[in-house]
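The values are calculated or read from the model by the stated rules, or taken from the named source; none is laboratory data. What you see is a predicted model; the values in this text were computed from it and never measured. No Cβ is skipped: glycine too gets one built from the backbone with ideal geometry, and neighbour counts run over all protein chains shown. Ligands, DNA and RNA are stripped out before the accessible areas are found, and what is left, the full protein with its side chains, is counted by its heavy atoms. Shrake-Rupley method; radii C 1.70, N 1.55, O 1.52, S 1.80 Å.
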Amino acid sequence: MKCAKLAVSALAMLAASATVASARDQIQVAGSSTVLPYATIVAEAFGENTDFPTPVVESGGSSAGLKKFCEGVGENTIDIANASRPIKASEIEACQAAGVTDIMEVRIGYDGIVFASDIAGNDFQFTPADWFNALAAKVVKDGKVVDNTATKWNEIRADLPDQEILAFIPGTKHGTREVFEEKVIAEGCKESGAADVFKSELGEDAAGEACMALRTDGKSVDIDGDYTETLARIQSAKNGIGVFGLSFYENNTDKLKVATMAGVTPSTETIAKGEYPVSRPLFFYVKKAHIGEIQGLKEFVEFFVSDDLAGPEGPLAAYGLVADPELAATQEAVAGEAVLTN
């Protein structure tokens, strides 16, 4: 990945040299595979354009990163957790129990979840109901709750291709999975009318579980690795359809063909306008207690959300990030080291 060539304004912000003594030289970051390429671009540019060492950035998924983040405070714990969804109340409680009491939430921009298949494959126009009816363990037929036995997409809707159902979706440790469940599966359950039938046949509590339960017969495959693993699966199984972040797709358009969702083609423009239905904000979380203790941490956070990096003309936007229209407010919050409040 090429390091960003930065404008003078960003470099001026980082004029301070790395002279503060600390027990650990490198900033440590872990978490979302969706945020990973953006964080890597920034980390490489930070190391190239300042006197601070290049931060160490690892993946593992939003939930896994936040779990590490909440292990405690000190040089043997990570400084930043990347996340493709907001931190949960239960995670904040876990952090507090381990002494991580002051957490800075930094929104870096927006991304979309896309549905892509082999470049030479069929064209798909999906709705959330299509995905629910294809992947849900229980569906509704003739007004009754039954096991899902569909094998081809044209059984879901007649105008979909005559292609075997095979979906590669993010594993449960990924923030993308939670957004997929909320904005596609749960929404599809409602859209298809299944939610109402589940409520009447199964009861209120069981209906929610039925909407979210996915097939275990091989039609829906969890991917615990990052998007490169999903791409490899599709290249091996040409009938597979993968769930990706927009930026990954946009950087692999020679290998992947993207589907529409609810009649909208995913792009930075349709996400920025609020037209594409499966979009989400991206974040990272910072331990305020590590600022001043871990060399360059505050500078790195300010660098990340600078106009030159996270703005609409910066390298993150060039890679696929939809710039946050409220970036100035984020910059102000970072400068003031604002933390989450209960």
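What nm value, rounded to one decimal, do you get for the distance between Asp307 and Glu229 when each label is placed 7 Å out toward the C-beta? Rounded to a tenth, the inter-label distance reads 4.1 nm.
Using the Karplus relation 6.51 cos²θ - 1.76 cosθ + 1.60 with θ = phi - 60°, the per-residue 3J(HN,Hα) values for segment 289-303 come to 4, 8, 5, x, 9, 9, 4, x, 5, 4, 4, 5, 5, 5, 4 Hz, with x marking Gly and Pro. In this structure, the pairs whose alpha-carbon distance is over 21 Å, taken from Lys183/Lys288; Lys141/Lys183; Lys190/Lys257; Lys138/Lys199; Lys173/Lys255; Lys68/Lys88, are Lys183/Lys288; Lys141/Lys183; Lys190/Lys257; Lys173/Lys255. With all pairs of separate Cα atoms included, the chain yields a Kirkwood hydrodynamic radius of 21.1 Å.
Under the combined filter of DSSP loop state and at most 13 neighbouring Cβ atoms within 10 Å, segment 268-303 retains these trypsin sites (Lys or Arg not before Pro): Lys273. Per-residue ellipticity at 222 nm computed for the chain from its helices equals -9500 deg cm²/dmol, with DSSP H segments shorter than 4 residues left out and the rest contributing -39,500 (n - 2.57). Summed over the residues of the chain and divided among them, the accessible surface reaches 42 Å² per residue at a probe radius of 1.4 Å.
Per residue of segment 201-215, in order, report the coupling 6.51 cos²θ - 1.76 cosθ + 1.60 (Karplus, θ = phi - 60°) as ³J(HN,Hα) in whole Hz, putting x for Gly and Pro. Per residue, the Karplus-derived 3J(HN,Hα) values read 8, 10, x, 4, 5, 5, 5, x, 5, 5, 4, 9, 6, 9, 4 Hz.
Note on segment 112-279: the alpha carbon radius of gyration divided by the globular reference 2.2 N^0.38 Å gives 0.99.
Extension gain for the segment Lys255 to Leu202, taken as residue separation times 0.36 nm less the Cα-Cα distance, is 14.8 nm to one decimal. With the simple model of a label 7 Å out from the Cα in the direction of the Cβ, Glu58 to Thr172 spans 2.2 nm. Close amide-amide hydrogen proximity is noted between Ile241 and Leu166, Ala167, Phe168, each under 5 Å apart and 5 or more residues distant or on a separate chain (H modeled in the peptide plane; Pro and chain starts excluded).
What FRET efficiency comes out for the pair Glu71/Asp123, r = Cβ-Cβ distance, R0 = 41 Å, nearest 0.05? Before the final figure, lay out the partial values.
Values: r = 46 Å, r/R0 = 1.12.
Once rounded, the FRET efficiency stands at 0.35.
Once a ≥ b ≥ c are taken as the square roots of the eigenvalues of the Cα gyration tensor of segment 119-213, is the result rounded (a/c under 1.5), prolate (a/b larger than b/c) or oblate (a/b not larger than b/c)? Oblate, because a/c is 1.5 or more while a/b does not exceed b/c. For Ala158 and Ala89, the difference between the fully extended length at 0.36 nm per residue and the C-alpha to C-alpha distance is 20.6 nm. Put simply, the amide H of Asp118, placed in the peptide plane, has neighbours under 5 Å in Lys257, leaving out anything fewer than 5 places away on its chain. Here the 3J(HN,Hα) profile of segment 331-338, calculated from phi with Karplus coefficients 6.51, -1.76 and 1.60 at θ = phi - 60°, is 4, 5, 5, 5, 4, x, 6, 5 Hz, Gly and Pro shown as x. Annotation for segment 67-125: GluC sites (Glu not before Pro) lying in DSSP loop with at most 16 further Cβ atoms inside 10 Å of their Cβ are Glu71, Glu75. Of all the options Ala89, Ala259, Ala167, the one that moves most in a Gaussian network model of the chain with Cα springs shorter than 10 angstrom is Ala89.
Computing FRET efficiency as 1/(1 + (r/R0)^6) for Thr265 and Ala329, where r is the C-beta to C-beta distance and R0 is 30 Å, gives about 0.50. In this structure the amide hydrogen of Asp51, modeled in the peptide plane, comes within under 5 Å of the amide hydrogens of Ala18, none closer than 5 places in sequence on its chain.
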